[in-house]
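One structure is given here, and the rest of the page talks about it.
The values are calculated or read from the model by the stated rules, or taken from the named source; none is laboratory data. These numbers come from a predicted model, not from an experiment. Reconstructed Cβ throughout: ideal geometry from the backbone, glycine too, with neighbour counts over all protein chains shown. Note: areas computed on protein heavy atoms with side chains; ligands, DNA, RNA excluded. Shrake-Rupley method; radii C 1.70, N 1.55, O 1.52, S 1.80 Å.
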Amino acid sequence: MGCAMSSMAQRLSVRRSENKSKLESPVISGRKGTPTSPGGNRRSAGESAEAIRSAFLNDQLKPDARCPLDQRQLYCISKSWKAINRNMSVTAINMFVRLFETNRDIQQMFSHLKDVNSVAELRNSKLLEGHALKVFCTIDDAIVNFDDMDYVIKMLQVVAQFHARRLTSFEESFFWRIEDPFILAVKEELGDRFTITTETTYRATIRFIVGTLASEFVAIRQMASDENASPSNSPEGAPAARQTSNGM
């Protein structure tokens with residue numbers, strides 16, 4: 001979803017150098033990795049929407065080949081996302097409440113939440129709010145930086161690598177289960193502004209984000225598996241296993 005805009009070339013070049021240092025260590029919260037503007041302030045959804053709006057209206061919005069959204073979809077999501085960004089905490093909690101409703105096994109992974117059955121209790125949980133915001137900030141970080149596809153992909157890869165290496169009980173399928181809860185949470189927040197066209201755009205967006213996370217996650221897990229199975233990892237000088245010979 002990164003889009004190259006000629007009017008933004010100077011700002012993007014500055015952000016890329018800043019992004020390199022920010023992405024050298026694992027980050028779960030996308031908010032921590034959000035690129036800054038040349039002035040040093042974190043880029044907001046409003047700034048992103050205005051830049052995309054200007055480029056779109058001046059016919060300078062040129063989607064990156066890796067972007068799953070076309071020009072109009074990118075323009076529309078930049079406008080509607082501002083409303084969600086302003087109420088991110090509530091939307092993030094709604095997403096996780098929806099997730100837990102249909103994925104009890106995921107809720108069981110949270111030691112302090114696994115026995116909570118009340119929706120009201122979940123909504124008031126500071127622990128859930130904290131984790132939900134971390135996840136939602138990663139989504140937000142991708143969406144507000146769709147004009148810099150290199151950054152978005154690298155940021156998502158870092159998040160996936162953290163899950164693959166540090167969270168041993170995490171599975172690839174867990175990423176994909178967030179799609180419908182995310183769509184429902186967005187629908188609740190946008191209300192009448194959520195149309196069939198809006199849903200199509202947001203589904204393409206979350207599938208890109210989740211697909212990138214899942215692909216990197218699988219690649220890292222497979223790499224670790226191959227390394228563990230490599231003969232070079234066996235104790236040096238260990239005797240070969242003795243073959244049996246049917247009692248002979």
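Figures for the structure shown
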quantity: Tally of residues being within 16 Å of the chain's Cα centre (by Cα) and part of a helix (DSSP H, G or I) across the range 163-188; calculated: 14
quantity: Some residue of the range 118-131 being in a helix (DSSP H, G or I), open to solvent by 50 Å² or more (accessible area, probe 1.4 Å) and under 26 Å from Ala65 (Cα atoms); calculated: no
quantity: Selection within the range 65-74 - surrounded by fewer than 19 Cβ atoms within 10 Å (Cβ to Cβ) and over 18 Å from the mean Cα position of the chain (by Cα); calculated: Ala65, Asp70, Gln71, Arg72
quantity: Tabulated pairs, the range 103-117, first more than 15 Å from Arg177 (Cα to Cα), second open to solvent by 80 Å² or more (accessible area, probe 1.4 Å) and assigned to a loop (DSSP other than H, G, I, E, B), C-beta under 7 angstrom, 6+ apart or interchain; calculated: Lys114/Gln108
quantity: So Phe170, is it hydrophobic (A, V, I, L, M, F, W, C), under 18 Å from Leu69 (Cβ atoms) and either touching a Lys or Arg at 6+ places or on another chain (Cβ under 7 Å) or modelled with pLDDT of 90 or more (or both); calculated: no
quantity: Residue check, Met109 in contact with a Phe, Trp or Tyr (Cβ under 7 Å, 6 or more places away or on another chain) and either open to solvent by less than 80 Å² (accessible area, probe 1.4 Å) or farther than 28 Å from Asp192 by Cα (or both); calculated: no
quantity: Number of the condition not met by Val158 [criteria: (1) in contact (Cβ under 8 Å) with a residue 12 or more places away in the chain; (2) assigned to a loop (DSSP other than H, G, I, E, B); (3) out of contact with any Cys (no Cβ under 8 Å at 6 or more places or on another chain)]; calculated: (2)
quantity: Residue match in the range 40-62 (condition: modelled with pLDDT of 90 or more, open to solvent by 40 Å² or more (accessible area, probe 1.4 Å) and not in a helix (DSSP H, G or I)); calculated: no
quantity: Unique residue being part of a loop (DSSP other than H, G, I, E, B), over 17 Å from the mean Cα position of the chain (by Cα) and not acidic (Asp, Glu) when the list is Ser80, Ser111; calculated: Ser111
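Residue by residue, here is whether (1) in contact with a Leu (Cβ under 9 Å, 6 or more places away or on another chain); (2) surrounded by fewer than 19 Cβ atoms within 10 Å (Cβ to Cβ) holds:
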residue: Val159; (1), (2): yes, no
residue: Arg166; (1), (2): no, yes
residue: Ser173; (1), (2): no, yes
residue: Leu184; (1), (2): no, yes
residue: Glu189; (1), (2): no, no
residue: Arg203; (1), (2): no, yes
residue: Leu213; (1), (2): yes, no
residue: Val218; (1), (2): no, yes
residue: Asp226; (1), (2): no, yes
